[in-house]
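Visitor: One structure follows; several queries about it will come next.
The values are calculated or read from the model by the stated rules, or taken from the named source; none is laboratory data. Note that this is a predicted model, so its numbers are computed, not measured. Cβ coordinates were reconstructed from backbone atoms using ideal geometry, including for glycine residues, and neighbour counts include every protein chain displayed.
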Amino acid sequence: MAGPRPHKALAAAPPGRRKSTRRKSAGPGARAEKSAARRAAILTAALDEFSARGFAATRLDDVARRAGVAKGTIYLHFRDKEALFQELVRSAMGPLVGTLEVAFRTELPARVVADRIVELFVREVYGTRRKDIIRLIISEGPRFPKLAEFYYREVLSKVLAAARDLLKRAVARGEVADATIARFPQLIAAPGIVAIIWSGLFDRFEPLDVRALMHAQLDLLFGKRRAA
C-alpha cells in the first residue's frame, strides 16, 4: 500500500534545498553600522541632557529615552555616566584638536595662522554644538574636577602646547615685540571663550560678533593687519 503523499510545499524542493521561512540575519557590516548609529544617538542624547540638566542631574534613563534605546544598550557602549561624558568630549573635540595642532605647526607667519584659527573657531566651535561642550566644562568643571582634568588633558593641553610653539617661533622671528604672548597663548582664545559665555547669557539682549571680537584681539596682540 502506498504511504501518504508528501506535502506539496515540501515535495517541491529536494532534500537539503528546502526554502527557509526565517529571515537571514544581518551581516557583520550591517550590525556594526547599526551599533555605530546607536552609539551616535546616545552621544547626541547625552549632550542634550547634559546641556539641559547639568552633569549631576542627568540620568542615564533619560539619555536612553531620548536616544530611543534601552538603558542596557548604553552600558554596552559606556561603563558609566562619566565614561559617557568623556567619550562625548573625545569624539566631538578630538578631530578638531588634531586640526588645530596641524594649523599651529605650519611655518606661516603667526598672524596669518592666528587669523585662520579664528575662522576655524567660528566655523567649527562657535557655529556647532561644540560650544555647548565648552559651556558644560565651564559650568560643571568646578564641581566635577575629574571632568575638567579630562578636558584639559585631552583638549586644552595639546592645543596650548602647539600654540606656544607657534608663538615662540614668532618671537624668535621678530613678528611680535613682546615675548609675554608666548607665555600666555590663552590670550588668543580668550575672546572666543567670552563669546561662548556671552551667547548663553546675553546674546538676546546684545548679539556679539565673535569673529570681529577675536580679530580685534589679534590686532592688539600682533598689530593691525596691513591692507592687501
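Visitor: What is the number of the single condition among (1) free of Cβ contacts under 8 Å to residues at least 12 places away in the same chain; (2) outside any helix (DSSP H, G or I); (3) not charged (D, E, K, R) that Val176 does not meet?
Guide: Unmet condition: (1).
Visitor: Also: Return yes or no: is Val118 at pLDDT below 95, surrounded by 14 or more Cβ atoms within 10 Å (Cβ to Cβ) and closer than 25 Å to Lys224 by Cβ?
Guide: no
Visitor: A further question follows. Please state which one of Leu147, Leu166, Leu221 is over 22 Å from Leu120 (Cβ atoms), touching a helix residue (DSSP H, G or I) at 6+ places or on another chain (Cβ under 8 Å), touching a residue at least 40 places away in the same chain (Cβ under 8 Å) and assigned to a helix (DSSP H, G or I).
Guide: The match here is Leu147.
Visitor: Does Ile74 count as surrounded by 19 or more Cβ atoms within 10 Å (Cβ to Cβ) and part of a helix (DSSP H, G or I)?
Guide: yes
Visitor: Outside any helix (DSSP H, G or I), modelled with pLDDT under 95 and assigned by TED's automatic domain parsing to the domain that holds Pro109: does that describe Val171?
Guide: No, not satisfied.
Visitor: Pull out all pairs, ordered by first then second residue, where Cβ-Cβ is under 6 Å, the residues are six or more apart or on different chains, the first lies in the stretch 194-218 and is within 27 Å of Val112 (Cα to Cα), and the second is part of a loop (DSSP other than H, G, I, E, B).
Guide: Pairs that qualify, where the first residue is within 27 Å of Val112 (Cα to Cα) and the partner is part of a loop (DSSP other than H, G, I, E, B), are Ala195/Leu208; Trp198/Leu208.
Visitor: Sort out which residues of the stretch 101-117 are β-branched (Val, Ile, Thr) and under 18 Å from Leu156 (Cβ atoms), and write them in order of number.
Guide: Matches in the stretch 101-117: Val102, Ile117.
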